[in-house]
Structure formats: C-alpha cells, structure tokens
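All of the numbers you see were taken from the coordinates with simple rules; none came from a lab. Bear in mind that the values here come from a model prediction, so they are computed numbers and not experimental data. Please note: Cβ atoms are built from the backbone with ideal geometry, for glycine as well, and neighbour counts cover all protein chains shown.
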Amino acid sequence: MTLSDQGESKENKTFEASADTSAEAVAFSVRAKPSPRHLSIDEARVMAGKLRRHIVSMIGEAGSGHPGGSLSSVEIVTALYFNIMRYDPASPSWADRDRFILSKGHAAPLLYAVLAETGYFSTDELSTLRKMGSCLQGHCDMRSTSGVEMSSGSLGQGLSFGVGVALAGRLDRRDYRVYVLLGDGECDEGQVWEAAMAAAHFRPEDYKPHSFKLDNLVAIVDHNGQQIDGLTRDVMNIDPLAAKWRAFGWHAIEVDGHDLAQLIAAFEEAGRVKGKPTVIVARTVKGKAVSFMENNLDFHGKALTPDEVNRALEELG
Ligand SMILES: Cc1ncc(C[n+]2csc(CCOP(=O)(O)OP(=O)(O)O)c2C)c(N)n1
Ligand SMILES: [Mg+2]
C-alpha cells in the first residue's frame, strides 16, 4: 500500500502509530511506508530546471545568499528527492523517513526549493527568503522550516550529526537511510574526517547483539573545485578525494554530479553496499547552467542583481 492509496485521516493515524512499538503498530507502519517518487530522467531534468529558477529568483529577491554552491548541487537533490528517498511532506517527523542533511548550510536556497517543490510548504514562501518573520532563514534552521533535518551553516558538522542519526536508526531497528551533502571546501574541516573515521568504525562484532554497521549512511561531496577563497586545489588540495574516503573505510563512487542517471545509479549502488558507509564524490560546476555564473568565484556568496536574475531566467528557459 502506498500513501496515495490512503485516506487523509488514516494517513495521520498511521504516522502517530509509528511511535507505538506494539507488534500490530509496527506491522501497520511497515505496510504504510510511502514509496520513493519516480520521475523519468527527462522529468527530473525539467524539475532540476525549476529548482534552478527558484534559486536565482529567491536569492535575487533577498539581495543576499549563496547561488554558486546551490546551483552546483541541484541534480544531487533532484535525484534524491524525486527518485531515491522515502518521505512524506504531510508528516515531516514520520519516524521512518529517510533523512537528508544539508551540511553545507549556505546552500539553503537549494534545500528550500526542493522542499517547496515536494510539498513541505508553498512555493510562494520562497520569495520571503531572508526576510524578517520568514520561515526561510539565510542558513538552515530545523526549528523554522518544515523538512529541514538539521540547523547548519557552520561548516563541518553535518556528517557527525548524520553518523548519530544513522546510529539511532540502527538502535531503534528502523530501516531509514541518511544522506549528508558536504561541500569540497567544507572537507577542509577536521571534524569531517573524525566523523568519516567514526562512521566506518562502528561494526556489529563490537556491539552484539545489535547491528551497528552504518551502511545506512551516504555522504555526497559536491566537488565543484571552488570554495570561498578560491580554487580548492590552491586553498587546500583535497584530491585524490575518493581514495581518501576509501582509506577511511568507506565505499566510494565517483560520478558526474550533473548526470541524473549516474547519480541515481550511484544512490542505488549505495543501497546495495553492506557493512560500510558509502560516499559519492560528485564532480560538479559551481554556478551550473547559468553561463555568467559557471566557475565564477564572485557568485559563491553574492546575490544576482535584478538584471542578472532576468538574464539567468532567460538562459534557464
Ligand atoms: C566553520 C565555518 N567556517 C567558515 C564558514 C564560511 N564559509 C561559508 S561557505 C564557505 C566555503 C565553502 O566551500 P564549499 O564547501 O566548497 O561550498 P560550495 O563550493 O559547495 O559552495 C565558507 C568558508 C562557515 N560557514 N563555517
Ligand atoms: Mg566547493
């Protein structure tokens, strides 16, 4: 049974029941799991274009924000929210939902765009970004925005949080999966590597009788080659990135981060990996799909002017 088969009142009752650990309630909540959405690649491409239009419009309207790193991760979240993850916008705290954690919290407009398009709130809210009283803060605030799993913006913390959420899933015997999106500049933070080491450390033989293998955890690194102060290879060379994660005990997959088919295949591969967490190193272009923003360091943390918004929207079609 999928959510679309259920009436509204039954749906709410289902999710209330998921906190109940009786066999009957657990069986019911297992039956009631919503399936991931399934857009075709062409439909997903159209959705990616929509997300990009939201991003440039809302940052232009706000007059501040981080467009470059929001645009580079568009296909990553499109693949996750429209082909991979299991969630229900009507029940944002449903205990069995898959979790998406935006560790690079300055890309908040990207997350807001996808949360609006999936139905967590209206797309009309997007134009309130960074305004007084808005539920859409400049950086992610889990107390203000439906669907935001972690307050982020201080780089380096999301993977540690994700390890905790993945461990909690194992402890609670829930089969949700945890996805953490990191920036490549963010990987300069030592805490990322502490979390990477911890994630691969937890093994069932250490914690019998429970299974603590964190193969329910997937990190994605948006490897756009740029950070706030310049090129990653100049500021702090992190390559070879996949080899580093492998050395830390992770299964690593490298993809073109704008190729939806490659991304979906990589997430599916991650779902089949047993006994270790997976990292997807996604090669991307900062400012992707807007010619004057691509690889332009200026647009790391600078809003588009009204004229630039118009030019960008024209290009995005
Ligand atoms: C702990 C911390 N230090 C510094 C900053 C300021 N800052 C915001 S974005 C950014 C660069 C991040 O680069 P990257 O992770 O590569 O992000 P992307 O290229 O995807 O935008 C920095 C240093 C911060 N937010 N948090
Ligand atoms: Mg970067």
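If you take every DSSP beta bridge whose two residues both sit in the chain, what share of them, in percent to the nearest 5, is antiparallel?
10
Sorting PHE161, PHE267 on the 10 Å Cβ count, fewest up front, what's the list?
PHE161, PHE267
Can you give me the distance in nm between label points at TRP193 and THR128, each placed 7 Å from the Cα along the Cα-to-Cβ direction?
Once both label points are built, they end up 4.3 nm from each other.
Which of ASN224, ASN296, ASN216 moves most in a GNM of the chain, Cα contacts under 10 Å?
Most flexible of the set in this elastic network: ASN296.
Quick one: compute the contact order of the chain, relative version, from alpha carbon pairs under 8 angstrom and 6+ residues apart, as a percent.
Relative contact order comes out at 20 percent.
So if each residue of separation counts as 0.36 nm, and I subtract the Cα-Cα distance between ILE228 and ASP175, what length gain in nm does that give?
The span from ILE228 to ASP175 would gain 15.4 nm if fully extended.
Does the chain come out rounded, prolate or oblate by the C-alpha gyration tensor, with a ≥ b ≥ c the root eigenvalues, rounded set by a/c under 1.5 and, if not, prolate when a/b is larger than b/c and oblate if not?
Because a/c hits 1.5 or more and a/b fails to exceed b/c, the chain counts as oblate.
Restricting to Cα pairs below 8 Å that are 6+ residues apart, what does the relative contact order work out to for the range 45-176? Please round to a whole percent.
25
Order of TYR81, TYR87 from fewest to most other C-beta atoms within 10 Å?
The fewest-first ordering by Cβ neighbours comes to TYR87, TYR81.
For the chain, what is the mean residue ellipticity at 222 nm derived from helices alone (per DSSP H run of n ≥ 4: -39500 (n - 2.57); sum divided by total residues; nearest 500 deg cm²/dmol)?
Mean residue ellipticity at 222 nm (helix-derived): -11500 deg cm²/dmol.
Which one, ARG272, ARG86, ARG130, has the greatest fluctuation when you compute a Gaussian network model over the chain with C-alpha springs under 10 angstrom?
Maximum among the listed residues: ARG272.
Scan the chain and note any complete DSSP helix (H) whose C-alpha atoms cover at least 24 Å along its axis and whose Kyte-Doolittle average is -0.5 or more.
Taking the DSSP H segments of the chain (at least 24 Å long, mean hydropathy at least -0.5), we get 41-62.
Hey, fewest Cβ within 10 Å first, where do TYR112, TYR179 land in order?
Listing TYR112, TYR179 from fewest to most nearby Cβ atoms yields TYR179, TYR112.
Please go through the residue pairs LYS50/LYS244; LYS213/LYS244; LYS131/LYS244; LYS131/LYS288; LYS213/LYS302; LYS104/LYS244 and name each one whose alpha carbons sit more than 30 Å apart in this structure.
Too far apart for the 30 Å limit: LYS50/LYS244; LYS131/LYS244; LYS213/LYS302.
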